Amino acid sequence: MTKKILFWFSADFTFYSISYYLQNKSDYEFYAIVDLTNKPKKFFQIQKLVDFKKIWYFHDHIDVNSDLDKKYLQKIEEKYDLDLWKLALNDRILYGFFDFHKFSRNEIQLILQQSLILFEEILESIKPDFLICAAPYLVHQELLYEICKKKNVQCLLLSMPKLGNKTLISETVHKFDNIEKLDITKFTNRNTEEILDYIKKSSPTSVIQKYIKNYSNSKSKFMNSALQYMKNSNSHEKTHFTYFGRKKIKVLIYTIKQSLKKRLRETFMKNNLTTIKPVNPYVYYPMAVDMERNVLIDAPFYTNQIEMIKIIAKSLPINYSLVVKENPSQVTRDWRSISEYKEIMNIPNVQLIHPSVSGIELIKNSALVISLAGSSPLEATFHKKPSIVFGDVIYSLIPNIVKVNEISNLPTIIKNSLNMEIDYSYLNKFLDLIDKNTATFDMFEFQTIFNKIFYFDGSYFDVELNEKEIEKLLRNTEGIFEELIQLYLKKINN
């Protein structure tokens, strides 16, 4: 029986590449939802590289001037057990993370309504067997994923399980399929040297830093992208709610302001954030990058990081201080405001560390690591340090990593964690699961190559894509995907 696969395509062309490599491996029917601006959209309207039975263009189905049906939203919320406001108010587009457009309550509800109507129609009409996409990071992507789960469409979500060069395909975000606890009887008994060598080769920090270094880093390409932007029509500003309010003059002013703010913030950090090794004993809190999934969706009730720092500081034993380090990847958001840094620095038992300081060294010298949902707790386990997390993470299978379910219990959890001893056997079991259930695939490598060729190093995405050039790229990069495609085939044909 032919298996039907529904893809979600956005500016990340990884998933188009996956469809291209999968199409000759078996008898599948391909369908796609495309979430792109108008120029790259044209590529999908004329492309012949992949045989899609049907393609839906997401933004063609969203009209914020249509009629709102509140009863439909209430019905859907109950039918699929969704918390729609929780998702909407943690969406980086819909709720105030940018200054271009303030979405009204009515507009937000209409976007939710029309997204849900479209997804229900698609799923009812084709009844797919699988959904292939990335771990969702925007509300409409999360809605499709949640509905698919309720309709028993098998989701094959691609994510990095907090280890660099490792890629997980799973039905649920941040979980191994059909594994609830670490009960492996036989496992690889790696010694300390082998454990540390593993994290050195699979450091998530180095992989992400490499991507950021190559992202929108060429001044000449940035200038070329700016000229292209000013010259071209900006039609998606009216047709795509993700671009509402982005008139060229507003974008230009915003870009200049952000550039100036970034320089001022970097100067402030250079002059005020310490690089001196903190005094023991301390608990380490590495800040998460704002507007990312591991804050907005994975830890939806802990998104105000300054308040979280205050809560953690209040919960420490009297002889401990809290060391907070800005995330180096926050540079992609032009850092935080100076007033935010000052507010953190004014907390009496908190020391704010410059982002250039080695996070690994801070972990190694800490007594405990606390994170929203980042990779640091897993890295801490490699260095025999206990950890606490607030969000859903794949590595919470490891017993010395404790998830906070009730914030009022944090002082007790901290005291218990400080006295916890680390058993490497659990980490070894976890690493065996990683090796068995993941592919060696750098999620950022292909997109970096694609950005360089087509997207001005990631500075500008509304470009027309040439089919011959894309085919050439896909033929040249097939080796990168080989192990990943085999893992997909295993999942689909299992």
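The values are calculated or read from the model by the stated rules, or taken from the named source; none is laboratory data. Note that this is a predicted model, so its numbers are computed, not measured. Ideal geometry is used to build each Cβ from the backbone, glycine not excepted, and the neighbour counts take in all protein chains shown. Areas reflect the complete protein model, heavy atoms only, side chains present, ligands, DNA and RNA absent. Shrake-Rupley method; radii C 1.70, N 1.55, O 1.52, S 1.80 Å.
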How many residues are open to solvent by less than 30 Å² (accessible area, probe 1.4 Å) and either in contact with a Pro (Cβ under 8 Å, 6 or more places away or on another chain) or part of a loop (DSSP other than H, G, I, E, B) (or both) when one looks only at the range 287-299? 6
Within the range 316-325, is there a residue that is at pLDDT below 95, closer than 24 Å to TYR211 by Cα, within 24 Å of the chain's Cα centre (by Cα) and open to solvent by less than 40 Å² (accessible area, probe 1.4 Å)? no
In the set LEU156, LEU82, LEU163, the lone residue that is part of a loop (DSSP other than H, G, I, E, B), under 24 Å from the mean Cα position of the chain (by Cα) and closer than 30 Å to THR205 by Cα is LEU163
Hey, does the range 189-202 have a residue that's surrounded by 12 or more Cβ atoms within 10 Å (Cβ to Cβ) and at positive phi? no
Can you name the condition, by its number, that THR440 falls short on among (1) under 24 Å from PHE176 (Cβ atoms); (2) open to solvent by less than 40 Å² (accessible area, probe 1.4 Å); (3) of a type in the set (Ser, Thr, Tyr); (4) touching a helix residue (DSSP H, G or I) at 6+ places or on another chain (Cβ under 7 Å)? (2)
Can you tell me which residues in the range 406-448 are more than 22 Å from the chain's Cα centre (by Cα), outside any helix (DSSP H, G or I) and not charged (D, E, K, R)? ASN419, MET420, ILE422
Residues of the range 177-225 being among the charged types (D, E, K, R) and not in a helix (DSSP H, G or I), which ones? ASP177, GLU180, LYS181, ASP183, LYS186, ARG190
Report, by residue number, each residue of the range 339-376 that is out of contact with any His (no Cβ under 9 Å at 6 or more places or on another chain), open to solvent by 50 Å² or more (accessible area, probe 1.4 Å) and assigned to a helix (DSSP H, G or I). SER339, GLU340, LYS342, GLU343, MET345, GLU361
Unique residue being at pLDDT below 90 and either hydroxyl-bearing (Ser, Thr, Tyr) or in contact with a Phe, Trp or Tyr (Cβ under 7 Å, 6 or more places away or on another chain) (or both) when the list is SER206, SER159, SER170: SER206
Yes or no: the range 77-84 includes at least one residue that is without any contact (Cβ under 8 Å) to a residue 12 or more places away in the chain, more than 23 Å from LYS491 (Cβ to Cβ) and either in contact with a helix residue (DSSP H, G or I) (Cβ under 7 Å, 6 or more places away or on another chain) or buried (at least 16 other Cβ atoms within 10 Å of the Cβ) (or both). yes
Evaluate the range 99-107: report whether one residue or more is open to solvent by 50 Å² or more (accessible area, probe 1.4 Å), part of a loop (DSSP other than H, G, I, E, B), hydrophobic (A, V, I, L, M, F, W, C) and modelled with pLDDT under 95. no
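Yes/no matrix, rows are residues, columns are (1) open to solvent by less than 70 Å² (accessible area, probe 1.4 Å); (2) β-branched (Val, Ile, Thr):
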residue	(1), (2)
LEU431	yes, no
LYS452	no, no
ASP462	yes, no
ILE470	yes, yes
THR477	yes, yes
TYR488	yes, no
